[in-house]
Amino acid sequence: MNVPSLRAQAAATVAVLVAGFALVFFYAPLDTEGFIQKVFYLHVPLAICALAGFVVAGIHAIRHLRSGDPVHDARSYVSIHLSVIFGVGVLLTGSIWARAEWGKWWVWDEPTLVSFLIVFLLYATYYPLRYAIEDRERQARYASVFAITAGAFVPLNFLAVRMAQPLIHPRTFSSAGGLPGSMLFTFCVCLAGMALLWLLLVRFELAAKSASVKLSRLRRALEGEAYAPPSTGSRIAPGVPSRAASASLMSDPTSPRI
């Protein structure tokens, strides 16, 4: 299977995102909420991609524990990193919508908002947990256990919220009639664009890490060291993997098989 280049995927991502938001402003009709409803086309795709990214991180963490391959650790780390960034966007856009609809920036008795905040804060602890461990191998193992446990919590949390009553957050897809066709089509295009953006950023960050590995090995070669194991005292994670894993990552630096 041929994986598109980063440049090709970036062009496709921009095209889909531009098309999606053009549909948001010029095609999708307004509903009873008024113009603020347009936030829905950004807020919900961000949330879906963030939560899916956390689950993907858990899958790579399982593969890391089973194989010991640092490449899967790197993919798990990058998936969490970018999903946390998307999570910030979810909380910001959710607060903007809440302010316009409810007159408050935050509503603590709204289960959807609070549950996502809990998930976000849970994953925010991933970084201090990881960086507090000096030994790189233990660091990777502990981080993988965390990613698996937290990744299993995500769907359980989602199901718990769906069953919670009363619910004051709008249930767009489960309410009677669902979305009109034009709004559903616009939403699907925006979701596709956001998913492409997430994948593009994952590939870009992994490619940057691969380039860092190559640069580090070149620097050591210029200094007369054919190969030097990475320091276990570094807190930058995940860093330069073992020689075999480095070769695996560098063989296809822009294709994280997610």
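The values are calculated or read from the model by the stated rules, or taken from the named source; none is laboratory data. Because the structure is a prediction, the values reported are computed rather than measured. Cβ placement follows ideal geometry from the backbone for every residue including glycine, while neighbour counts extend to all protein chains displayed. Surface accessibility is based on the protein's heavy atoms, side chains included, excluding ligands, DNA and RNA. Shrake-Rupley method; radii C 1.70, N 1.55, O 1.52, S 1.80 Å.
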Quiz item: Of all residues in region 199-229, which are modelled with pLDDT under 80, open to solvent by 20 Å² or more (accessible area, probe 1.4 Å) and under 30 Å from LEU17 (Cβ atoms)?
Solution: SER212
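Among the listed residues ALA152, ALA143, ALA147, ALA132, identify the single one that is open to solvent by 60 Å² or more (accessible area, probe 1.4 Å) and at pLDDT 85 or above.
Matching residue, one of ALA152, ALA143, ALA147, ALA132: ALA132.
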Quiz item: Does region 156-182 hold any residues that are modelled with pLDDT of 55 or more, open to solvent by less than 60 Å² (accessible area, probe 1.4 Å) and either touching a Pro at 6+ places or on another chain (Cβ under 7 Å) or under 26 Å from ALA124 (Cβ atoms) (or both), and which are they?
Solution: ASN157, ALA160, VAL161, ALA164, SER182
Quiz item: Looking only at residues in region 102-129 that are aliphatic (A, V, I, L, M) and touching a residue at least 60 places away in the same chain (Cβ under 8 Å), which one is surrounded by the most Cβ atoms within 10 Å (Cβ to Cβ)?
Solution: VAL119
Quiz item: Using beta carbons and a limit of 8 Å, which pairs, at least six apart or on different chains, have the first residue in region 18-40 and in contact (Cβ under 8 Å) with a residue 24 or more places away in the chain and the second one assigned to a loop (DSSP other than H, G, I, E, B) and open to solvent by 50 Å² or more (accessible area, probe 1.4 Å)?
Solution: PRO29/PRO180
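Take the residues in region 48-68 that are open to solvent by 20 Å² or more (accessible area, probe 1.4 Å) and among the hydrophobic types (A, V, I, L, M, F, W, C), then tell me which one is nearest to ALA152 (Cα to Cα). Walk me through how you get there before you give the answer.
Residues of region 48-68 open to solvent by 20 Å² or more (accessible area, probe 1.4 Å): 48, 51-52, 55-56, 59, 62-63, 65-68.
Still in the running and among the hydrophobic types (A, V, I, L, M, F, W, C): 48, 51-52, 55-56, 59, 62, 65.
Details: ILE48: 15, LEU51: 11, ALA52: 11, VAL55: 7, VAL56: 11, ILE59: 10, ILE62: 11, LEU65: 16 Å.
Filtering first and then ranking leaves VAL55.
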Self-check item: Residue satisfying condition, being under 30 Å from ASP135 (Cβ atoms) and open to solvent by less than 60 Å² (accessible area, probe 1.4 Å), within set VAL16, VAL71
Solution: VAL71
